[in-house]
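A.B. asks: Have a look at this one.
The values are calculated or read from the model by the stated rules, or taken from the named source; none is laboratory data. All figures in this text were calculated on a predicted structure; none of them were measured in a lab. Note that each Cβ is placed from the backbone with ideal geometry, even for glycine, and that neighbours are counted across all protein chains shown. We work out accessible area using only protein heavy atoms, side chains counted, and drop any ligands, DNA or RNA first. Shrake-Rupley method; radii C 1.70, N 1.55, O 1.52, S 1.80 Å.
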Amino acid sequence: MRLILIRHGQTSSNVAGLLDTAIPGAVLTELGETQAAALPKALAGERIDAVYASTAVRAQQTAAPVAEVSGLPVIVRDGLREISAGDNEMLGSPEAVQVYIDTIVAWAMGDLDTRMPGGEDGHEVFARFDAVIEELEGSGLESVVVVSHGAMLRSWLGLRGANVDGHFIGTHPITNTGVIIVDGDTTTGWRVDTWTGDAVGGPELTTEADGPAAAVERGF
């Protein structure tokens with residue numbers, strides 16, 4: 001099976017560097033809308049059988065142009081939502097962001113017992129995301145677009161990716177509308193085919209104001 005994993009477009013919380021993880025979350029900025037509008041052209045060569053998005057408004061807005069061009073609905077699943085920041089929700093201090101990043105790094109390295117302060121542990125996070133992936137595998141679809149979130153995608157790939165690990169994830173960010181294409185299945189593992197960490201519409205759509213989930217300099 002082929003998964004086309006996409007991080008949502010830019011939001012005002014990304015610009016402000018805030019840990020905005022609750023539902024429904026911020027909407028796309030004007031740049032975020034432009035980033036989302038560039039996705040159909042960037043994915044024109046890909047087979048798309050379904051379009052899935054998280055319960056966050058920004059993810060559904062990002063998925064909408066691809067779904068419209070493909071003549072498909074946007075299917076919403078809660079399991080695809082961002083990793084909760086817990087007690088640090090809507091904070092942007094270096095200390096709060098570091099706690100978030102450190103926890104996610106631990107999960108990507110396999111330490112799922114670690115709990116986000118006031119939030120989920122790794123077992124809970126990956127169980128809900130894996131459940132959606134297993135649903136897709138059981139659907140008979142061959143190639144699916146999944147619009148989710150930076151920390152969720154990076155940590156899941158670090159743990160489940162057969163040819164990447166936590167160290168790779170730590171040095172390869174996914175900025176807004178970055179696209180990661182993986183092939184495989186849950187049994188044999190998911191192999192990263194292409195990792196386009198920058199906005200797919202070109203350098204003019206790529207910005208450093210993409211929020212804590214794209215951080216590299218802090219170690220993730």
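A.B. asks: Anything in the stretch 39-66 that is assigned to a loop (DSSP other than H, G, I, E, B), open to solvent by 50 Å² or more (accessible area, probe 1.4 Å) and in contact with a helix residue (DSSP H, G or I) (Cβ under 9 Å, 6 or more places away or on another chain)? List them, or say none.
C.D. replies: Within the stretch 39-66, just Ala44 meets the criteria.
A quick yes/no check of all residues on (1) of a type outside the set (Gly, Ala, Ser); (2) at positive phi; (3) open to solvent by less than 20 Å² (accessible area, probe 1.4 Å):
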{"position": "Ser155", "(1), (2), (3)": "no, no, yes"}
{"position": "Leu159", "(1), (2), (3)": "yes, no, no"}
{"position": "Asn176", "(1), (2), (3)": "yes, no, yes"}
{"position": "Asp193", "(1), (2), (3)": "yes, no, no"}
{"position": "Asp198", "(1), (2), (3)": "yes, no, no"}
{"position": "Pro203", "(1), (2), (3)": "yes, no, no"}
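A.B. asks: Scan the stretch 1-49 for residues that are under 30 Å from Thr188 (Cβ atoms) and without any contact (Cβ under 8 Å) to a residue 40 or more places away in the chain and jot them down.
C.D. replies: Of the stretch 1-49, the ones under 30 Å from Thr188 (Cβ atoms) are 1-8, 39, 42-49.
Residues satisfying the conditions are Ala44, Gly45.
A.B. asks: Could I ask something else about it? Within the bounds of the stretch 136-151, is there any residue that is within 19 Å of Val51 (Cβ to Cβ), in a loop (DSSP other than H, G, I, E, B) and among the β-branched types (Val, Ile, Thr)?
C.D. replies: No.
A.B. asks: Condition first: out of contact with any Gly (no Cβ under 8 Å at 6 or more places or on another chain) and open to solvent by less than 30 Å² (accessible area, probe 1.4 Å). Now tell me which residues in the stretch 69-102 satisfy that.
C.D. replies: Answer for the stretch 69-102, where residues must be out of contact with any Gly (no Cβ under 8 Å at 6 or more places or on another chain) and open to solvent by less than 30 Å² (accessible area, probe 1.4 Å): Gly79, Leu80, Ala96, Tyr100.
A.B. asks: Here is a follow-up. I'm trying to understand the selection: among the residues of the stretch 106-145, which are open to solvent by less than 40 Å² (accessible area, probe 1.4 Å), in contact (Cβ under 8 Å) with a residue 60 or more places away in the chain and aliphatic (A, V, I, L, M)?
C.D. replies: Ala108, Val132, Ile133, Leu136, Val144, Val145
A.B. asks: Looking at the structure I just gave you, is Thr187 modelled with pLDDT of 90 or more, more than 17 Å from Thr34 (Cα to Cα) and in a strand (DSSP E or B)? Please lay out each step first, then the result.
C.D. replies: On the way: modelled with pLDDT of 90 or more: yes; more than 17 Å from Thr34 (Cα to Cα): yes; in a strand (DSSP E or B): no.
Judged against the criteria, Thr187 is not a match.
A.B. asks: Could I ask something else about it? Here is a list: Ala108, Ala59, Ala63, Ala53. Which entry is at pLDDT below 95 and within 28 Å of Leu141 (Cβ to Cβ)?
C.D. replies: Working: Ala59 fails: at pLDDT below 95; Ala63 fails: at pLDDT below 95; Ala53 fails: at pLDDT below 95.
Unique residue meeting the criteria: Ala108.
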